[in-house]
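Engineer: After the structure tokens below, expect a handful of questions from me.
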Amino acid sequence: MGMMQLFGFGKATFSHGIHPPEYKAVTEQKSIRRLAFAPEMILPLSQHFGAPSIPVVHVGQEVVRGELVARADGFMSVPLHAPATGKIKSIGLMPTARGPKAPAIVLKLYSGVSQEVLYSSDQNIADMSQQAIIQAVKDTGMVGLGGASFPTHVKMTVPDGQKIEVVMANGCECEPYLTTDHRVMMEYSMDLFTGIRVAMQATGAGRAIIGIEDNKPDVIEALRKACPADGSVTVGVMKTKYPQGAEKMMIKALLGREVPSGGYPSAVGVSMYNVATLSQLGALLPQGHGLIERVITVSGPGIEKPGNYLVALGTPLRHVLEQLGFQGDARELIMGGPMMGVSVASLDVPVTKGVSGILVLTEESMSKQIPKKVWPCIRCAHCVQACPIHLNPSELGMLAAKRQYETMEKRYHLNDCFECGCCTYVCPSGIPLVQYFRIAKAINRENRERAAV
Amino acid sequence: MKLKEHRLKLQAAPLLKQSMTTGQTMRDVLLALLPATLAGLWYFGLGALLVLIASIAGAMLTEWLFSPAESRMQRLSDNTALLTGLLLGLTLPPALPLWMAFIGGAASIGLGKLIWGGMGQNLFNPALVGRAFLLATFPIAMTTWSPQSGPTEFFQIYASNLAAPFMQSVYDGISAATPLGLMKFEQQSTGLWALVSGNTSGCIGETSGLLLLLGGLYLLLRRDLDWRIPAGILGTVALFSTTLYIVDSTHYPGPLFSVFSGGLLLGAIFMATDPVTSPLTPRGTWIFAVGIGVLVVLIRAYGGFPEGVMYAILLMNAATPLIDRYTQPRVFGKGIKNP
């Protein structure tokens, strides 16, 4: 129970945070529609956190939709499946969202084939052991679809000496613009409950909570009705506030527990998954399918037909934008939400497993958001009162300006920052605080690596 | 539509930004000061306006003179020098010689801000540094108060206003004690309505308690103000002075007189709240505010001057780095036992 409930506000939440405009009305009531296949798909081998997958196909080979094209490289890795039926065109370096080119498989589609998933092996989950489920989850190639892309089977593996009590399904979707989780919870709720049972079985958790922000009353009502009568799965309603969907914030809001600094939710008996991850898992696992498509929100002032689309993984942005109409002065493409997403430099970048949305911003909309002028920090403390981790971004920012990166880490807890961007959002002086912190972390990391060598 | 070469911009997230800017905040504070400023001009006439102008001119000219040539106009357009000049002017006696007001403005920006490294770097409130400088340099002129002029005498200028620079100014016979002076030296209280409406002698901008509160309310609604600072200062002053009043009601004033007299409201709402020179965290802010409240009452009750707001704020400004050091927020997930 959060503090706010003690004061009678009735909604669970965490302390601090911000209330950015939501921009969700455009797409939140639009049903999920399938986007046409692109003539060519790009499948980066590293769409997940961990070691890149290893290709098991060769150039010129024909593959069928759903077929394995790259295998996992060790425990911290996942396999990759063909999103469509076609022929392997090349295996080599292709552009990625983060910037540098990275190894990828390029698949040329056969036009006019049915694009049915032919690879499957039915499994009865209820009879499977924890180990077998975790292996089966790994075989689907599932990663966190909320954006972190952390391999799901690794999350399901409970560390020694820890016990998972609660599975949490994260349906906060606190990033502005994004409505994929909203639609997935509305339209794929049966798959979601299947996925929750899989996660409970894999982790040995006795109960599950679906956490939803109170800006989605339709979902709350629908899922409450669908919850099993035995009370093992419940809906936890939270105040609409950014970053409510950050795992530490959500656990604090719903259970009153603080994940220790530097630790994982398992330290407080929680295993958390995005609702999109669980519903995909619920759809794929019983049939033994691999992860080959996902739902994304395409929105922003620069797009003609905003909505929620089921997109084959590997679809280049160019194709998505051609299909949905691109406004003339669109200048900025973001993968993910506007608070934590990644700005993309090339239209050849494909939709990958961790992409929850594509935002298209126009020159006009951007000019309103990007500060034209940066004032010195006047210590107004707006950032101090916004930081959900209770850091001191003002002091960190001043230290960053003086390049005191080590002091930032040692005395001001830089590494506890998870880069939600609240500080930059509120700063009236227009100081790019979280951007400074990313750089500081990267420099500290480099220095450590250099010292280790 | 076919997309070939489309020029894309790269910008690191977050790409949303709330609209309030530091420049806007400065404009809000100026606006919030307007009612009390106009009241001061109404009560003290054209002479007071000239004092304000001289003080602002001193501040802005110093900012302009000591800024790098390429950023001069930009720095002036921040309105920070204008605000500092105005705040200083509001704490000056209306009959002060204009050249002194000008020097005070220059000292505010020069000694209060620029030598520290400019905006955001100073330890002390610049306007109060300017005032302390003037009080140390020209003690007689800074403690000679004029009675209020009626509306018919609006265009009369105090003779001392126009004193030539560096000459002993001539004070005409009429001078009046401030409510605090009356209290301290003659144990004579002033009516509450006179204090609230501003119908007393004193500094140009400090007399009207009601209009200062109105300005504070505006800043509160615009979220430009940390409410804890005025609340902590005024609460402490009320509490502490009530205690003294109970002990000895002939020498010490009651809580309402203490809150509405002198520069307390001006200082608590517009000067102690200067974010640059006050602590960052809520805990630190409370310590800071209570410290100012205690010092104000101590100086007023036991010090040599009838008024202590300026020194109280400056002293707590000096303590701010230390307060900040010991009131850092508890980082999420550190030092906690989970239920």
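Engineer: Pairs of Cα atoms under 8 Å, at least six residues apart: use those to get the relative contact order of chain B, whole percent. Please report the intermediate quantities before stating the final value.
Structural biologist: Numbers: 559 pairs, mean separation 58.1, N = 339.
Relative contact order here is 17 percent.
Engineer: For chain A, return all DSSP H helices satisfying: extent of Cα atoms along own axis at least 15 Å; mean Kyte-Doolittle hydropathy at least 0.5.
Structural biologist: Working: long enough: A:130-140 (16 Å, -0.16); A:189-203 (21 Å, 0.57); A:433-452 (28 Å, -0.68).
Helices meeting the span and hydropathy rule in chain A are A:189-203.
Engineer: Still on this structure, please answer the following. As an exercise, identify the trypsin sites (Lys or Arg not before Pro) in the stretch A:143-233 lying in DSSP coil whose Cβ has no more than 16 other Cβ atoms within 10 Å.
Structural biologist: Qualifying residues, ordered by number: A:K163.
Engineer: Taking chain B as the reference, fit the longest principal axis to its C-alpha atoms, fit the long axis of helix B:282-302 to the helix C-alpha atoms, and give the angle between the two in degrees, 0 to 90, nearest 10.
Structural biologist: Here the helix axis deviates by roughly 10 degrees.
Engineer: With the full set of protein chains in place, find how many percent of the accessible area of the stretch A:187-321 is carbon and sulfur; take the probe as 1.4 Å. Mind dumping the intermediate values first?
Structural biologist: Working: 2000 of 3770 Å².
The value for the stretch A:187-321 is 53 percent carbon and sulfur by accessible area.
Engineer: Here is a further query. Beyond 18 Å, what share of the Cα-Cα pairs of the stretch A:193-338 remains, rounded to the nearest whole percent? Can you show the working numbers first?
Structural biologist: Values: 7137 of 10585 pairs.
Percentage above 18 Å: 67.
Engineer: Something else now. Tell me the Rg and the Dmax, in Å, that the Cα atoms of the stretch B:265-313 produce.
Structural biologist: Spelled out, the Cα radius of gyration and Dmax of the stretch B:265-313 are 11.0, 33 Å.
Engineer: Given 0.36 nm per residue, what is the gain on full extension from A:A126 to A:E62 after removing their alpha carbon distance, in nm?
Structural biologist: Working: separation 64, 0.36 × 64 = 23.04 nm, distance 3.51 nm.
Fully extending the segment from A:A126 to A:E62 adds 19.5 nm.
Engineer: Label the stretch A:318-370 by shape, choosing from rounded, prolate and oblate, from the square roots a ≥ b ≥ c of the eigenvalues of the Cα gyration tensor; if a/c is under 1.5 it is rounded, and otherwise prolate applies when a/b is larger than b/c, oblate when it is not. Provide the component values of the computation, followed by the final result.
Structural biologist: Numbers: a/c = 2.12, a/b = 1.20, b/c = 1.77.
The shape class here is oblate.
Engineer: Work out the length of the dipole vector of the stretch A:382-452 about its Cα centre, built from +1 on the beta-carbon of each Lys and Arg and -1 on the beta-carbon of each Asp and Glu, and round it to the nearest 20 debye.
Structural biologist: Numbers: 9 positive and 7 negative charges, 40 e Å.
In debye, rounded to 20, the stretch A:382-452 gives about 200.
Engineer: Moving on to the next point. About the Cα centre, and with charges only on the beta carbon of Lys, Arg (+1) and Asp, Glu (-1), how big is the dipole of the protein assembly as shown? Nearest 20 debye, please. Spell out each step's value before the answer.
Structural biologist: Numbers: 64 positive and 54 negative charges, 228 e Å.
The calculated dipole for the protein assembly as shown is roughly 1100 debye.
Engineer: Continuing with the same structure: Which whole-number value in Å² is the accessible area per residue of the stretch B:13-146, probe 1.4 Å? Before the final figure, lay out the partial values.
Structural biologist: Numbers: 4580 Å² over 134 residues.
Accessible area per residue: 34 Å².
Engineer: Using the Cα atoms of the stretch A:332-453, I'd like the radius of gyration and the largest Cα-Cα distance, Dmax, both in angstrom.
Structural biologist: Radius of gyration, then largest Cα-Cα span, for the stretch A:332-453: 16.0, 48 Å.
Engineer: State the extension gain, in nm to one decimal, for the chain segment bounded by B:S19 and B:D248, taking 0.36 nm per residue of separation less the distance between their alpha-carbons. Numbers along the way, then the final one.
Structural biologist: Details: separation 229, 0.36 × 229 = 82.44 nm, distance 5.19 nm.
This chain segment gains 77.3 nm when fully extended.
Engineer: Calculate I(q)/I(0) for the stretch A:382-452 by the Debye formula, one identical point scatterer on each C-alpha and no solvent, and give its log10 at q = 0.15, 0.19, 0.22 Å⁻¹ to two decimals.
Structural biologist: Debye curve over Cα of the stretch A:382-452, log10 I(q)/I(0) at q = 0.15, 0.19, 0.22 Å⁻¹: -0.42, -0.66, -0.87.
Engineer: How far is helix B:80-90 tilted, in degrees, relative to the longest principal axis of the Cα atoms in chain B, given as a value from 0 to 90 rounded to the nearest 10?
Structural biologist: That works out to roughly 20 degrees.
Engineer: As a test of reading the structure, rank B:I269, B:I336, B:I115 by solvent-accessible area (1.4 Å probe, protein chains only), most first.
Structural biologist: On the way: B:I269 5, B:I336 65, B:I115 125 Å².
The ordering from most to least exposed comes out as B:I115, B:I336, B:I269.
Engineer: Are there any residues in the stretch A:250-277 with a reduction of at least 30 Å² in accessible surface when going from the isolated chain to the assembly of protein chains? Probe 1.4 Å, please list them by number.
Structural biologist: Residues losing area: A:R257, A:E258, A:S261.
Engineer: Excluding ligands, DNA and RNA, what is the solvent-accessible area per residue of chain A at a probe of 1.4 Å, expressed in Å²? Each step should come with its number before you reach the end.
Structural biologist: Details: 17740 Å² over 453 residues.
Result: 39 Å² of accessible area for each residue.
Engineer: Would you work out which of A:G430, A:S90, B:V309 lies farthest towards the positive end of the dipole of the protein assembly as shown? Charges go on Cβ: Lys and Arg +1, Asp and Glu -1.
Structural biologist: Positive-end residue among those listed: A:S90.
Engineer: Same structure, new question: Could you tell me the relative contact order of the stretch A:382-452? Use alpha-carbon pairs under 8 Å, at least six residues apart, and round to a whole percent.
Structural biologist: On the way: 69 pairs, mean separation 23.8, N = 71.
Averaging sequence separation for qualifying contacts and normalising by length gives 33 percent for the stretch A:382-452.
Engineer: How far apart, in nanometres, would the label points at A:K89 and B:W193 be if each is projected 7 angstrom from Cα along the Cα-to-Cβ direction?
Structural biologist: Spacing of the two 7 Å Cα→Cβ label points: 8.8 nm.
Engineer: Along the charge dipole of the protein assembly as shown, Cβ charges K/R +1 and D/E -1, which of B:F240, A:G112, A:P55 sits furthest on the positive end?
Structural biologist: Working it through, the farthest residue towards the positive pole turns out to be A:P55.
Engineer: Can you pull out the buried accessible area for chains B and A, both sides counted, probe 1.4 Å, rounded to the nearest 100 Å²? Present the calculation step by step, with values, prior to reporting the outcome.
Structural biologist: Numbers: alone 17680 and 20280 Å², together 32620 Å².
Separately minus together, B and A give about 5300 Å² buried.
Engineer: For the stretch A:31-121, with equal point scatterers placed on the C-alpha atoms only and solvent neglected, what are the log10 I(q)/I(0) values from the Debye formula at q = 0.16 1/Å, to two decimals?
Structural biologist: -0.67
Engineer: Right, something else. What ranking of A:K101, B:K334, A:K108 comes out by heavy-atom accessible area, probe 1.4 Å, highest first? Intermediate values should be presented prior to the final figure.
Structural biologist: On the way: A:K101 135, B:K334 65, A:K108 100 Å².
Order by accessible area, largest first: A:K101, A:K108, B:K334.
Engineer: For a test of the definition: using alpha carbon positions, the gyration tensor, and the 1.5 limit on a/c, classify chain B as rounded, prolate or oblate. Can you show the working numbers first?
Structural biologist: Numbers: a/c = 2.06, a/b = 1.33, b/c = 1.55.
Since a/c reaches 1.5 but b/c is at least a/b, the shape of chain B is classed as oblate.
Engineer: Ordering B:I157, B:I56 by accessible area with a probe of 1.4 Å, largest first, what comes out? Can you show the working numbers first?
Structural biologist: Details: B:I157 65, B:I56 35 Å².
Result of the area sort, largest leading: B:I157, B:I56.
Engineer: Moving on to the next point. Give me D for the protein assembly as shown in µm² s⁻¹, whole number, from Stokes-Einstein with Rh from the Kirkwood sum over alpha-carbon pairs, 25 °C and 0.890 mPa s. All intermediate terms of the calculation are to be shown ahead of the outcome.
Structural biologist: Details: Rh = 29.8 Å.
The estimated diffusion coefficient comes to 82 µm²/s.
Engineer: If the convex hull of the alpha-carbon atoms of the stretch B:62-104 is projected onto planes in all directions, what is the mean projected area in square nanometres?
Structural biologist: Working: hull surface 12.5 nm².
Dividing the Cα hull surface by four gives the mean projection, 3.1 nm².
Engineer: Moving to a separate point now. When only Cα pairs under 8 Å and 6 or more residues apart are kept, what is the percent relative contact order across the stretch B:31-178?
Structural biologist: Values: 239 pairs, mean separation 42.9, N = 148.
Normalised by residue count, the contact order of the stretch B:31-178 is 29 percent.
Engineer: Go ahead and estimate [θ] at 222 nm for chain B from helices alone: -39,500 (n - 2.57) per DSSP H run with n ≥ 4, summed, over the residue count, rounded to 500. Mind dumping the intermediate values first?
Structural biologist: Details: 14 runs with 183 residues, N = 339.
When only DSSP H runs of four or more count, the value is -17000 deg cm²/dmol.
Engineer: Separate question: Rounded, prolate or oblate: which one fits chain A, using the alpha carbon gyration tensor with axes a ≥ b ≥ c (rounded when a/c is under 1.5, else prolate when a/b beats b/c, else oblate)?
Structural biologist: Numbers: a/c = 1.44, a/b = 1.19, b/c = 1.21.
Judged from the Cα gyration tensor, chain A comes out rounded (a/c under 1.5).
Engineer: B:Y252 accessible area, nearest 10 Å², 1.4 Å probe?
Structural biologist: Number for this one is 40 Å².
Engineer: Now a separate question. Could you give the nm distance between label points at A:A226 and A:A25, where each point is 7 Å from its Cα heading toward the beta carbon?
Structural biologist: Modelled inter-label distance: 2.7 nm.
Engineer: Could you calculate the FRET efficiency of A:D348 with A:D73 from 1/(1 + (r/R0)^6), where r is the beta carbon distance between them and R0 is 35 Å, rounded to 0.05?
Structural biologist: Numbers: r = 25 Å, r/R0 = 0.71.
For A:D348 and A:D73, the calculated efficiency is 0.90.
The values are calculated or read from the model by the stated rules, or taken from the named source; none is laboratory data. Every value quoted in this text rests on a predicted model; they were computed, and no experiment measured them. Using ideal geometry, Cβ is built from the backbone for each residue, glycine included, and neighbour counts are taken over all protein chains shown. Areas reflect the complete protein model, heavy atoms only, side chains present, ligands, DNA and RNA absent. Shrake-Rupley method; radii C 1.70, N 1.55, O 1.52, S 1.80 Å.
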